[in-house]
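K.L.:
Below is the structure I would like to discuss, written out as structure tokens.
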Amino acid sequence: MGRITRAEMIQYLKLYFIFGSQNTTQLPEQVVKEAIAGGITLFQYREKGEGSKAGAEKEELARKLQEICRQNGIPFIVNDDIDLAVQLNADGLHIGQEDIGAKEARKMMGDKILGVSAYTIDEGLEAAEDGADYLGLGPIYATGSKDDAAEETGPQVITLFRKMGIKTPIVGIGGIYEDNIDEVMKSGSDGISIISAIASAPSPFESARNLKKRIENYL
Ligand code: TZP
Ligand code: MG
């Protein structure tokens, strides 16, 4: 199989839904099914923060969501937890700067998708060199979905990463909703990643569908 190509990665990043049970009051499986029906292109299981599951419960939900993704042809990425990613034979892993390093993660994940969160140019350059398939940049705008979120960067950080010659696909994250997608994409992002705009919407399906309509201008 080999590593995912840059072009394939860019397509998957268009509407990247990140989610864990702590992000909803609804049934998690239902939220993910609706998000997929609405047109998400990639899924990350991020069971983290207040009210999140751990241990066997976390694994059980991961397996259910992975199966839903598999049935619908959506790659299933695990946040932080490399042991779970390996155990489930997930399609990929997403790590932050505080997690296992990208070099080590690449060794353990083989050719699977590897995403790395970056905040500074140096972090982005290092992650790219160490084998990241994509970079998550943000928080672009203020977010309530990450306890330890750094100060928002604004969309111009994406333009800056591009200017510095970083060729790795980039996805913006943090506080992204229908009304600021255009700003993020025009700054040079390959896609958007979203928690609340889908997970906290009255209808995750309609929200994902509306976001997808907007992002279709950039396919
Ligand atoms: N990393 C940076 S911001 C963020 C993460 C995981 C949370 C994004 O969530 P939301 O609800 O789309 O702002
Ligand atoms: Mg992390």
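The values are calculated or read from the model by the stated rules, or taken from the named source; none is laboratory data. These numbers come from a predicted model, not from an experiment. Just so you know, the surface numbers come from the protein's heavy atoms only, side chains and all, with ligands and any DNA or RNA stripped out. Shrake-Rupley method; radii C 1.70, N 1.55, O 1.52, S 1.80 Å.
K.L.:
What ranking of Met1, Met164 comes out by heavy-atom accessible area, probe 1.4 Å, highest first?
P.N.:
Numbers: Met1 235, Met164 105 Å².
Final ranking, largest accessible area leading: Met1, Met164.
K.L.:
A follow-up question, please. Whole number please: convex hull volume per residue of the Cα set in the chain, in Å³?
P.N.:
Details: hull volume 24.0 nm³, N = 219.
Convex hull volume per residue, Cα atoms: 110 Å³.
K.L.:
Cα atoms only, region 66-109: Rg and Dmax in Å?
P.N.:
10.9, 32
K.L.:
Same structure again: At what distance in angstrom do the alpha carbon centres of region 165-219 and region 52-121 lie from each other?
P.N.:
21 Å
K.L.:
Is it possible to state the helix-based mean residue ellipticity at 222 nm for the chain, with each DSSP H run of 4+ residues giving -39500 (n - 2.57), the sum divided by total residues, to the nearest 500 deg cm²/dmol? What is it?
P.N.:
Details: 10 runs with 89 residues, N = 219.
So the calculated ellipticity at 222 nm is -11500 deg cm²/dmol.
K.L.:
For region 1-115, what does the alpha-carbon gyration tensor say about shape, rounded, prolate or oblate, given a ≥ b ≥ c as the root eigenvalues, a/c under 1.5 as rounded, and a/b over b/c as prolate?
P.N.:
Working: a/c = 1.76, a/b = 1.18, b/c = 1.49.
Here region 1-115 falls in the oblate category.
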